[in-house]
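Have a look at the structure below before the remarks.
Read-outs: derived from the displayed coordinates by stated rules, not from any lab. As the structure is a prediction and not an experimental result, all values here were calculated from the model. Heads up, the Cβs are rebuilt from the backbone with ideal geometry, glycines too, and the neighbour counts pull from every protein chain shown.
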């Protein structure tokens, strides 16, 4: 805010420009000093605004989607989120898209946060937050479309409690009955291969995407390993295979649908079909990714924590312990005797 105060027999004007104080002495009246300071701040603001292109935030979303998102491994999900904000398909455009870049402020993202928290879980908002913040950072650091990331001054929603869901008694048998999968016969149908993927996930702690992208050239059945050249965190890793996991893979060999990719499944198809099978079994709130927690908790009884981290690909043991390792404390109590 412009201000003025006396200095000896004259008045000094004071303006704040880009966080810095600018002053000038020698004004006869307080009004003259305030007019100078106000004009200084106005010109600085106009100059700053002229640096920002006359575009709506919609243009930033589209440019990021078409130039940055398409280069990411998780592009499908990121593009889907951006398209929803833009109003593609059945979605209504988010009010954010209409705001000119030069007018975009932290309050607009605070309003977006509050809207979304009324519609979806905090975990979903946090995932969307990451995408929006990356777009704003790109605008500020690379494109010159913003002077700063306005989301840096907005309070993030609280992190939700980590999931602890594991298979409950009888649920695995229900899933196997529903998929009609067994280790003896080759899983020729897609439904049977979903069952094979469930067993393989529990044996290896691999993610759904890693299982679906696994090719035969990455599998060494003699050494009982599978090499994953691309993983979620970008680091390749090699996963050891149990005898059950090897049996699952041998059952897939020679199937027409599994000549290139071992399971002949796409991630989307695995997710959709797993949900259908889960619903058919009347199993509540079980995600395919929960099988990774189930697997790591079982593996923790067989290997030390460092080898467990090597199998899972975690570089931060705190995340491994907090999110994925969910032991039954009654079983731990028996170990103490």
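Which order, highest average first, do 142-153, 184-195, 118-129 follow once you tally other Cβ atoms within 10 Å for each residue and take the mean per peptide? Could the numbers behind the result be given before it?
Values: 142-153: 15.9, 184-195: 17.5, 118-129: 14.3.
Final packing ranking: 184-195, 142-153, 118-129.
I need the calculated FRET efficiency for the pair residue 171 and residue 103, taking r as the beta carbon distance and R₀ as 41 Å, to the nearest 0.05.
Values: r = 52 Å, r/R0 = 1.27.
Given R0 = 41 Å and the Cβ-Cβ separation, E is 0.20.
Please give the helix 30-50 orientation as an angle from the longest Cα principal axis of the chain, in degrees from 0 to 90, rounded to the nearest 10.
Value to nearest ten degrees: 40.
Between 69, 279, 38, find the one with the highest GNM mean-square fluctuation for the chain; connect C-alpha pairs within less than 10 Å.
38
Rounded, prolate or oblate: which fits segment 57-153 when a ≥ b ≥ c are the square roots of the eigenvalues of the alpha-carbon gyration tensor, with rounded for a/c under 1.5 and prolate only if a/b beats b/c?
rounded
What distance in nm separates the two pseudo spin-label positions at residue 32 and residue 110, each 7 Å out from Cα along the beta-carbon direction?
Going by the 7 Å Cα→Cβ label model, 4.0 nm.
Given an 8 Å cut-off on Cα distances and at least 6 residues of separation, report the relative contact order of the chain as a percent. Please report the intermediate quantities before stating the final value.
On the way: 415 pairs, mean separation 39.8, N = 337.
Result for the chain is 12 percent.
Calculate I(q)/I(0) for the chain by the Debye formula, one identical point scatterer on each C-alpha and no solvent, and give its log10 at q = 0.10, 0.12 Å⁻¹ to two decimals.
Log10 I(q)/I(0), no solvent term: -0.77, -0.98.
To the nearest 10 degrees, how steeply does helix 122-138 sit against the main Cα axis of the chain, on a 0 to 90 scale?
50
Alpha carbon centre of segment 241-288 versus segment 100-143: separation in Å?
Segment 241-288 and segment 100-143 have Cα centres spaced 36 Å from each other.
On a 0 to 90 degree scale, rounded to 10, what angle separates helix 290-299 from the longest Cα axis of the chain?
60
Assuming a ≥ b ≥ c are the square roots of the Cα gyration tensor eigenvalues, decide whether segment 187-301 counts as rounded (a/c under 1.5), prolate (otherwise, with a/b larger than b/c) or oblate.
Cα axes put segment 187-301 in the oblate bin.
Relative contact order for segment 114-263 using alpha-carbon pairs under 8 Å, separation at least 6, rounded to a whole percent?
Rounded, it is 17 percent for segment 114-263.
Which of rounded, prolate or oblate describes segment 108-203 when judged by the alpha-carbon gyration tensor and an a/c cut-off of 1.5?
Prolate, because a/c is 1.5 or more and a/b exceeds b/c.
Counting only helical runs of four or more DSSP H residues, what would the 222 nm mean residue ellipticity of the chain come to if each run contributes -39,500 (n - 2.57) and the total is spread over all its residues?
Value at 222 nm, helices only, nearest 500: -14000 deg cm²/dmol.
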